[in-house]
Structures are given as C-alpha cells and as structure tokens.
C-alpha cells in the first residue's frame, strides 16, 4: 500500500531516491486537510486570481480547472489546483457562511444537525451568554415547538412541564418591558393559578386567580370594556354603593329624629334631636365620574346620627372573611364606622362583627379598608331578623361634615378597585316595591315601585314596610 487509509498520504518506499519529494507531498496533503477552512462551498468556477493556500468545496457540474472534480476539496498549492476526495466524517469551516459543515459521505451538511444529545451541560446560550441564575439564555426573533407525530414514534401531543419545589415556591412565566416586569402567569407563592400585572415591576395586581380545589376563578380587579370603563358584576355586596340611584329624588334630604330615607338603600336615623342634611355631588376621587354623598350635621344631641345600609345576603357572607372599603374625607373627628350583623326578632343586634372605628381627620380623599371575619348565621337565613348593617355613626359633637364615595363589601382578604355596575343593573338591585292585597279594586292590586318614603298602612295582611 503506497498511501495512508484516511488522508491518502504517500508513504516513503524502501531504498527510494529523492525521499524528500514524497515527504513534502505528504506534508502538503496534511496542510490542505488538517484544520480545514474553505473560502466557500458549491463553487463551480475557479477564481481568476487565487492566492496560495486558498481552498474551496467544489459544487456539482463544475467547469474550467474544476471540471470533473464535483464534490471534492480544491486547494491551490504551488501555483496549481490540487483536489482531495472527502471522506465521511470530515469537518470543514466555511468562511463565507461562518458555519461548520460535515461530510456525510454524499454531501456537506450543517454539522449542528448531526448532534443528537446534549447532556450534563452547565449552561447553554443561543445568541446570549448563560450565567449562574440563567443556565439557558437565548436571544432570538422567534421560537417554534411542534408535536412529534405518531408516524415518527411520538404521540402527536406536545406538553411542557414546569415544576417547583414546594407550595410556597414559584413557577411562572414573567413578561418584561425594558427589563422591568409587566405581567406574570403561573403558580406564584401558592398552588393557585394566577395572572397578575404591574405598571412598574414593583407593585403587582392580580387579574385572575383560580382555586385548584374547585376550579372557581375570581377577577380581583374586576372587568372593564375596551375603553377601560368597569363592567358590572356582583363582587360588591353593597347595593348603590356610589349613590347613583335616587328614586326618591336627588336630595338634599333633611335630617330629623327617626328614619329619613335618602338615596336608594340608604337611611339616616337620628337617635336624638338632630339637624342637618344628606346631599350628593358629582365627582369621585378615582375612576369614571360618579357621586359623592355628603353628611352635613349642624346639630345633634347625645346619641347622634346613624347613616347605614343593609345587606340581605347574610347566608353567603356569614362565617367568611370580607373587606369593607370606601373613600372619605372630613375635617371633623366626629365620625366612626362599624359593620354589625343583626340576628333575632325585630333586627335587634346580637353580634357586633366590627367594633366602631374612628375616622381620622383627612381634608384630602383617602380610602379606608377593614378586613372582617363575620360570625356564622346560626341557623338564620335571608329575611327578617337576619341582615348585615354597615353604619356610619356621628360619635362626637356637631357641626360635622363627612364626604363618602365608593362603599364596597367583598368576599376577599384585600380591597379591590370599586366595582361600578351598569345603571340598569344597579336600579334593578336597588328597586323595592309596596304591595297591598286589600284594595277595593282588584285590578289595582299591583306591585308599585317605592319612589317615596315608605309608610305602613296596616290595612291588609300583606302590607309591609320595606326597610330600604
């Protein structure tokens, strides 16, 4: 055998004369084939002015000095072209493409396609450098995943699994803008799936929270239309919490001893001699235009004034943690707030869920929040003798003025933005009726909307006095 098996290097023969010629020829072959770096590939025409040492991968159907050398490596040495037949497994770096090519026995292919498994890597970077916290880093325009088909030995499905160590850990996707977080989705700090957003990467707000035990989803931030106006829902258990519905008139309502019905579902009760009025003005401290209710008490005897509303859905709220919140401003320290759950005949209070809490003097608007664990209903249901009252109380001396907006009670351990429902829905929830069964004209025995202060007639067994 006169040539080596792999690189076809010529051997020196015994007693050969001029051995240096054969040796130098072998060195030239080594110089051409070791650390192969070619200028380009698929070359069909030789360059007109090649430089010593230039190498090319010849394409199919070449011409000129490359004729008949398809698929070979051409090396310009000593002023002439020399051709080498590649063997399967040879690697060549193509300078024009900045790519590594592999000869598979037939053609030069992308060397990266020959890799089948990467294991035990400490880091992997695609257009970016990995680091200690980011073992995989990629800087790219797009990515693509598709399922391996059944015909290819797959299942036809594709599923990515992300796992965290324990309940209190986080597994999520974070979306950033200018390297500052703006949205996150996943299991953050517990096992509830959530979607949350941030305007600055520091303060985060839950948009959706899903309970893994029941599948129930909550929307802590509420729903809005495309213009950002809130859509109606039933998160707020306070009816007419922004005082938009005023079927008995827009006021002002004059305060007096006893009950004075104001905006729908709200009543002012003077427990002693009291003077003043309840009125409203347009404008709220946050969100779309709404209403602000103003309690202006000019004088009051001991016992003062109570301004309150009641929630009838006690069976749903009882035994749960709720949050009461509203906006207020006052230049007087004469007011406090309480949530009182009423049981028993006649609505007499049996349990006080939230002791009276004084409102701080605040000429500027501020939002106050109370987290309350309501007691159980103890067998009571919706109806007489079982209701939840939210009360604003005058506890000091008059004169005193209090502005209130956006009263909300929700089944949540945190206060969310005030929920503004469509006026038609709020009107339906606020509407109350009188009905009398002992009228002289049966055709008039209809439910009448309560557009005036209710008065008990006592003329029939079904007459009643609606409280709100």
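The values are calculated or read from the model by the stated rules, or taken from the named source; none is laboratory data. Being a predicted model, the structure only gives us computed values, none of them experimental. Neighbour counts run over all protein chains shown; Cβ positions are idealised from the backbone, glycine included.
Of note:
- Candidates in segment 384-423 are the residues that are outside any loop (DSSP other than H, G, I, E, B) and touching a helix residue (DSSP H, G or I) at 6+ places or on another chain (Cβ under 9 Å); of these, the one that is modelled with the highest pLDDT is 409.
- Test: residue in segment 255-262 that is within 12 Å of residue 295 (Cβ to Cβ) and over 41 Å from the mean Cα position of the chain (by Cα): yes
- Among the residues listed as 227, 166, the single one being modelled with pLDDT of 90 or more and surrounded by fewer than 16 Cβ atoms within 10 Å (Cβ to Cβ): 166
- Here residue 63 meets the list (1) in contact (Cβ under 8 Å) with a residue 24 or more places away in the chain; (2) more than 57 Å from the chain's Cα centre (by Cα) almost entirely, failing just condition (1).
- Check on residue 137, within 30 Å of residue 100 (Cβ to Cβ), without any contact (Cβ under 8 Å) to a residue 24 or more places away in the chain and assigned to a strand (DSSP E or B): yes
- Identity of the residue in segment 63-86, assigned to a loop (DSSP other than H, G, I, E, B) and out of contact with any strand residue (DSSP E or B) (no Cβ under 7 Å at 6 or more places or on another chain), that ends up surrounded by the most Cβ atoms within 10 Å (Cβ to Cβ): 67
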